[in-house]
Amino acid sequence: KAKMKALVTERVGKGVAWMPFHFGGWFAGRDLRGNYPKGSDPIVLGESANTITTYGYDPATGMQEPKVTLCQIAAA
């Protein structure tokens, strides 16, 4: 399960959920901003979606496949 704030916008298609999936300054509950060069902290801080999505990968390229997964969204 994941809990986060959401922004409803027309920039993302209807029926599509999107969130950052690379490095967001946190990993596995640890603040990693001390590892960034001075002045290069991420603008938005938080866990990467990679920590909660599928562990599958593309067999042709070996690239991880966290960009496609199912989700259920509910108001808090």
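The values are calculated or read from the model by the stated rules, or taken from the named source; none is laboratory data. Note that the structure is a prediction, hence the values are computed from the model and not measured. All Cβ positions, even for glycine, are placed from backbone atoms using ideal geometry, and neighbour counts span all protein chains on display.
Does at least one position in the range 24-44 carry a residue that is within 17 Å of THR69 (Cα to Cα), within 13 Å of the chain's Cα centre (by Cα), surrounded by 10 or more Cβ atoms within 10 Å (Cβ to Cβ) and touching a residue at least 12 places away in the same chain (Cβ under 8 Å)? Show your work before the answer.
Start the filter on the range 24-44 by keeping residues that are within 17 Å of THR69 (Cα to Cα), which leaves none.
No, there is no match, as no residue in the range 24-44 is within 17 Å of THR69 (Cα to Cα), within 13 Å of the chain's Cα centre (by Cα), surrounded by 10 or more Cβ atoms within 10 Å (Cβ to Cβ) and touching a residue at least 12 places away in the same chain (Cβ under 8 Å).
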Query raised in the report: Which members of the range 58-67 meet the condition of being at pLDDT below 80 and more than 12 Å from the chain's Cα centre (by Cα)?
Result: MET63, GLN64, GLU65
Query - Residues being within 20 Å of LYS5 (Cα to Cα) and charged (D, E, K, R) - total across the range 42-67 - result: 2
Query raised in the report: Would you call VAL68 of a type in the set (Val, Ile, Thr), part of a loop (DSSP other than H, G, I, E, B) and exposed (fewer than 10 other Cβ atoms within 10 Å of the Cβ)?
Result: yes
Query - the range 46-65: number of residues that are part of a loop (DSSP other than H, G, I, E, B) and either surrounded by fewer than 13 Cβ atoms within 10 Å (Cβ to Cβ) or in contact with a helix residue (DSSP H, G or I) (Cβ under 7 Å, 6 or more places away or on another chain) (or both) - result: 8
Query raised in the report: Quick one: in the range 5-23, which of the residues that are at pLDDT below 80 and surrounded by 10 or more Cβ atoms within 10 Å (Cβ to Cβ) is farthest from THR69 (Cα to Cα)?
Result: PHE23
